[in-house]
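Structure, as structure tokens:
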Amino acid sequence: MSTLVCGSLAFDTIMVFQDRFKAHILPEQVHMLNVSFTVPEMRRDFGGCAGNIAYNLKLLGGNPVIAGTAGQDFTPYLEHIKQQGLDTHLIRILPDHYTAQAFITTDLDDNQITAFHPGAMFMAQENHLDGQIPSDVHWAIVSPDGLGAMIQHLEDLTRAGIPTLFDPGQGLPLFDAATLTRLIDMADYLTVNDYECQMVQSRTGLSVAELRQRLKALIVTKGEQGSVIYHEDQETQIPAAKPKAVIDPTGCGDAYRAGLLYGLERNLGWETCGKIASLMGAYKIETAGTQNHHFTWSEFKKRYQENFGTQLE
């Protein structure tokens, strides 16, 4: 069984400025801002929602198929993906574009200045799924990507009858009320964090109760407070797994979604799905970067029992 993972592929370049931005920016001169920061620390990570979700699902033993677009500079990322044993045949390389990338500079107060170049991501609607979905795909997720691609992919998957999680994430501001409501109605499941859930309600005018009526399940993550899964007439509260260290929260949501997909693939029930997802988030937050953490299945099962008091088969 395979799971189709639709979404962005990106490079994340992280730089650390060993001072404070405020010491180098004159408030009275911001109308003519011209600053330069020397950054002795720099790290380049593989990222993007589809890449992150697929990486985490593969760690769990799943079989993800990535559907996304990348650019002329994608070679090192592609090699990384292949080293993980991930299926790449639905990744489309656009030679006239760069891969999407974020350049993030952080100061000693954890303030950030970020520049994001969408590159090939905004051409992802050219990566059509009609007639391309492998026969062994039984689940799918549509995660943040170009607006046209998210709409098109969800429509394609609906026509194909494949149960799909809709994860609008940071793409939420791109949707108008009518489009967002239509996509929610097409999806089987909606997964958002607490803030995004409020944004969905504000944008669509739908309450949580009304969203639940339109979906097989609504999954809302709440950081340190765990998560809640609304399904049928039930609310399943999922506790947060305890990380051994808090290093980097970037990508924790993607790791959580991979855990959900793994549990759904195996029909493990919502409580177990949520707990696997929660523990995936804990693993991710312990490591800098979104695709640098590792574990064996025996290590994962041991931590699952330590956190939740039950065994995972």
Counting only strands (runs of 3 or more DSSP E) wholly inside the range 24-137, the ones holding at least 1 residues that are open to solvent by 90 Å² or more (accessible area, probe 1.4 Å) are 41-47, 87-94, 112-117
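Quick check, is Tyr283 in contact (Cβ under 8 Å) with a residue 12 or more places away in the chain, in a helix (DSSP H, G or I) and touching a strand residue (DSSP E or B) at 6+ places or on another chain (Cβ under 9 Å)? Lay out the reasoning, then the answer.
Numbers: in contact (Cβ under 8 Å) with a residue 12 or more places away in the chain: yes; in a helix (DSSP H, G or I): yes; touching a strand residue (DSSP E or B) at 6+ places or on another chain (Cβ under 9 Å): no.
Criteria not met by Tyr283.
Can you give me the ranges of the strands (runs of 3 or more DSSP E) entirely in the range 139-236 with at least 1 residues that are in contact with an Asp or Glu (Cβ under 8 Å, 6 or more places away or on another chain) and of a type in the set (S, T, N, Q)? Walk me through it before giving the result.
On the way: elements: 164-166, 189-193, 217-221, 227-231.
Where strands (runs of 3 or more DSSP E) fall fully within the range 139-236 and carry at least 1 residues being in contact with an Asp or Glu (Cβ under 8 Å, 6 or more places away or on another chain) and of a type in the set (S, T, N, Q), they are 164-166, 189-193, 217-221.
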Scanning the range 191-238 for residues that are open to solvent by less than 70 Å² (accessible area, probe 1.4 Å), polar (S, T, N, Q) and farther than 21 Å from Pro163 by Cα gives Gln201, Thr204, Ser207, Ser227
Scanning the range 81-105 residue by residue, those touching a Ser or Thr at 6+ places or on another chain (Cβ under 7 Å) and polar (S, T, N, Q) turn out to be Gln101
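If a residue has to be crowded, with 21+ Cβ neighbours inside 10 Å and among the β-branched types (Val, Ile, Thr) to count, how many in the range 138-153 make the cut?
Going through the range 138-153, the residues crowded, with 21+ Cβ neighbours inside 10 Å turn out to be 139-146, 149-150, 152-153.
Now restrict to residues that are among the β-branched types (Val, Ile, Thr): 141-142.
Residues in the range 138-153 being crowded, with 21+ Cβ neighbours inside 10 Å and among the β-branched types (Val, Ile, Thr): 2 in total.
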Pairs returned, first residue in the range 12-37 that is within 30 Å of Thr99 (Cβ to Cβ), second residue that is of a type in the set (D, E, K, R) and assigned to a loop (DSSP other than H, G, I, E, B), beta-carbon separation under 7 angstrom, 6 or more apart or interchain, are Phe17/Asp107; Phe21/Asp107
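Condition check ((1) of a type in the set (Gly, Ala, Ser); (2) at pLDDT 95 or above; (3) out of contact with any Leu (no Cβ under 8 Å at 6 or more places or on another chain)) across all residues:
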{"position": "Tyr230", "(1), (2), (3)": "no, yes, no"}
{"position": "Pro239", "(1), (2), (3)": "no, yes, yes"}
{"position": "Cys252", "(1), (2), (3)": "no, no, yes"}
{"position": "Leu260", "(1), (2), (3)": "no, yes, no"}
{"position": "Glu271", "(1), (2), (3)": "no, yes, yes"}
{"position": "Ile276", "(1), (2), (3)": "no, yes, no"}
{"position": "Leu279", "(1), (2), (3)": "no, yes, yes"}
{"position": "Arg303", "(1), (2), (3)": "no, yes, no"}
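Test Phe21 against the stated conditions and say whether it is aromatic (Phe, Trp, Tyr) and farther than 26 Å from Tyr256 by Cα. Please lay out each step first, then the result.
On the way: aromatic (Phe, Trp, Tyr): yes; farther than 26 Å from Tyr256 by Cα: yes.
Judged against the criteria, Phe21 is a match.
Which of the residues that make up the range 6-23 are open to solvent by 70 Å² or more (accessible area, probe 1.4 Å) and hydrophobic (A, V, I, L, M, F, W, C)?
First, the residues of the range 6-23 that are open to solvent by 70 Å² or more (accessible area, probe 1.4 Å): 18, 20, 22-23.
The one that is open to solvent by 70 Å² or more (accessible area, probe 1.4 Å) and hydrophobic (A, V, I, L, M, F, W, C): Ala23.
In the range 5-23, how many residues are farther than 30 Å from Arg92 by Cα and under 34 Å from the mean Cα position of the chain (by Cα)? It would help to see each step written out before you state the result.
As a first pass, look at the range 5-23 and keep what is farther than 30 Å from Arg92 by Cα: 16-23.
From the residues that got through so far, the ones that are under 34 Å from the mean Cα position of the chain (by Cα) too are 16-22.
Final tally of qualifying residues: 7.
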Inset, instruction - Would you mind stating whether Glu299 is in a helix (DSSP H, G or I) and acidic (Asp, Glu)? - result: yes
When restricted to Ser298, Ser278, the only residue within 18 Å of Val228 (Cβ to Cβ) and of a type in the set (Ser, Thr, Tyr) is Ser278
Going through the range 279-311 in order, the residues found to be among the hydrophobic types (A, V, I, L, M, F, W, C), over 15 Å from Lys244 (Cβ atoms) and surrounded by fewer than 17 Cβ atoms within 10 Å (Cβ to Cβ) are Trp297
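Can you tell me which residue is surrounded by the most Cβ atoms within 10 Å (Cβ to Cβ) among those in the range 154-182 that are of a type in the set (A, V, I, L, M) and within 17 Å of Trp139 (Cα to Cα)?
As a first pass, look at the range 154-182 and keep what is of a type in the set (A, V, I, L, M): 154, 157, 160, 162, 165, 172, 174, 177-178, 180.
In the following step, the residues that additionally are within 17 Å of Trp139 (Cα to Cα) were identified as 154, 157, 160, 162, 165.
Details: Leu154: 21, Leu157: 26, Ala160: 15, Ile162: 17, Leu165: 24.
In this case the residue turns out to be Leu157.
The values are calculated or read from the model by the stated rules, or taken from the named source; none is laboratory data. Not measured: the values here are computed from a predicted model. Cβ atoms come from the backbone with ideal geometry, glycine included; neighbour counts cover every protein chain shown. Surface areas here come from the heavy atoms of the whole protein model, side chains and all, with no ligands, DNA or RNA. Shrake-Rupley method; radii C 1.70, N 1.55, O 1.52, S 1.80 Å.
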